[in-house]
Amino acid sequence: MRALLEKLKHILDIVLEWSAIIIFSIIFLVVLLQIAFRYFLNSPLVWTEELSRYLFIWISFLGWVFATRNGSHIRISALLDAMPKSIRQALSLINDIFVIVLAVIMTWQGIIMTARSTSVPTITLFFSFALVYAAVPISSIFIILYTVLQLLGIGKSNGDESQDKTKGAAI
């Protein structure tokens, strides 16, 4: 079972990383195109700003997934660091449960929001706002999967317990 879960995590990692690479590349190309048409051809494209904004929304939600996967959310951990390891682990478990609950709520509400916006077109592009809003449930599902995998100990380096999530990106 562990090997199957590790394979699932590997597949999730590949999908997440390639999605980010593709979205960043498209943003770069669209903004470059916008600059070229505006300043060199004196004929700005109206759709480039809108597309880059929607792609930025997607990359922001994927950033949340990356931070969850890597345990790199910003946190102030001075109080946690002063507590015994057992209390830190218990609080980390409670935090993970809250993250899962929040992600489930965001998945559900994101699906509702996406479904309601299927008939709402974007201003200058050829697709509906549902595609933009789909970033919420999709990223939330990734968050749920990564958090559950972390709770099961999948993805930790050699089962090393010293890789404490409370030590991540502490301020």
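Output the DSSP H helices from the chain with an along-axis C-alpha extent of no less than 27 Å and a mean Kyte-Doolittle hydropathy no less than 0.5.
Details: long enough: 2-35 (49 Å, 1.65); 47-70 (34 Å, 0.33); 85-116 (46 Å, 1.13).
In the chain, the long hydrophobic H runs are 2-35, 85-116.
Can you tell me the dipole magnitude for the chain around its Cα centre, using point charges on the Cβ only (Lys, Arg +1; Asp, Glu -1), in Debye to the nearest 20? Walk me through the intermediate numbers first.
On the way: 13 positive and 10 negative charges, 31 e Å.
Computed charge dipole of the chain: roughly 140 debye.
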ask   = From the residues ILE138, PHE98, TRP64, which one has its Cα farthest along the dipole of region 2-170 in the positive direction, the dipole being from +1 and -1 charges on Cβ of Lys/Arg and Asp/Glu about the Cα centre?
value = PHE98
Bins of 5 Å from zero: percent of alpha-carbon pairs in region 2-170 = 1, 8, 13, 16, 16, 13, 11, 8, 6, 4, 2, 1, 0
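FYI, it's all coordinate maths here, none of it is from the lab. Because the structure is predicted, anything quoted here is derived from the model rather than measured. Cβ: placed from backbone, ideal geometry, glycine included. Neighbour counts: every protein chain shown.
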